[in-house]
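Okay, structure first, notes after.
The values are calculated or read from the model by the stated rules, or taken from the named source; none is laboratory data. Worth saying up front: this structure is predicted, and the values here are computed from it rather than measured. When we count neighbours, we look across all protein chains shown, and the Cβ atoms used for this are built from the backbone with ideal geometry, even at glycine.
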Amino acid sequence: MSLFKKLKENQKGFTLVELLVVISIIGILATLLLLQLGVARQRARDAARIAHINQVRTALELYFDDNGEYPEIATYAGLGAVLATKYLTQLPADPLSAGTYVYKYAYDPAGTPTKYHIWAELEQSSSAIKGDGDINSSAWAGGDGKYDASVAATTEACASSTTIDCLYDQGQSQ
């Protein structure tokens with residue numbers, strides 16, 4: 001037997017094709033994992049937004065119990081000064097916007113404000129959207145944003161970032 005045949009028989013290891021297949025599979029799995037992590041991060045930010053809206057809603061209801069009306073504030077950021085003294089230690093900010101306020105607040109200033117609307121835009125469709133307020137504050141005069149968050153369709157889904165179905169809203173509209 002020649003020396004070349006002996007060396008070839010004793011070689012152990014992977015062929016180039018086997019290595020390329022394994023590297024390709026690892027690359028595909030890594031890509032899928034990264035995509036799922038992005039969705040998980042969006043859902044986590046949405047959960048924080050929902051918690052923030054509910055926290056501010058509770059503070060507004062406590063304010064109403066003490067004062068008989070909701071704050072006549074022109075912007076969401078302005079709520080911080082009114083609610084921070086007794087009802088909130090800090091006004092929640094959007095988790096993605098580095099501390100800026102992207103939540104919106106509106107109130108109905110017809111006489112004593114007894115209606116308010118607060119909302120945030122979500123990145124993903126959530127089961128929480130089905131249990132939110134779906135309030136239409138577009139005709140109200142007060143606040144930094146008026147929006148029709150009522151949904152006519154039977155199902156609510158985030159079809160695109162511009163649809164109102166992606167809004168989680170709470171408030172008092174009666």
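Summed over the stretch 53-73, the residues that are buried (at least 18 other Cβ atoms within 10 Å of the Cβ), in contact with a strand residue (DSSP E or B) (Cβ under 7 Å, 6 or more places away or on another chain) and part of a helix (DSSP H, G or I) give a count of 3.
Filter the stretch 105-133 down to the residues that are in a strand (DSSP E or B) and out of contact with any His (no Cβ under 8 Å at 6 or more places or on another chain), then identify the one that is farthest from Tyr76 (Cα to Cα). This residue is Glu121. Of the residues making up the stretch 79-101, those that are under 21 Å from Asp132 (Cβ atoms), crowded, with 17+ Cβ neighbours inside 10 Å and out of contact with any helix residue (DSSP H, G or I) (no Cβ under 6 Å at 6 or more places or on another chain) are Leu79, Ala93, Asp94. Consider Ala157 carefully, then state whether it is modelled with pLDDT under 80 and either touching a Lys or Arg at 6+ places or on another chain (Cβ under 8 Å) or not in a loop (DSSP other than H, G, I, E, B) (or both). No, not satisfied. Among the residues examined, Tyr76 does not qualify as surrounded by 20 or more Cβ atoms within 10 Å (Cβ to Cβ) and within 20 Å of Gln42 (Cβ to Cβ). I'm trying to understand the selection: among the residues of the stretch 79-104, which are assigned to a helix (DSSP H, G or I) and either under 14 Å from the mean Cα position of the chain (by Cα) or in contact (Cβ under 8 Å) with a residue 24 or more places away in the chain (or both)? Passing the criteria: Leu79, Leu83.
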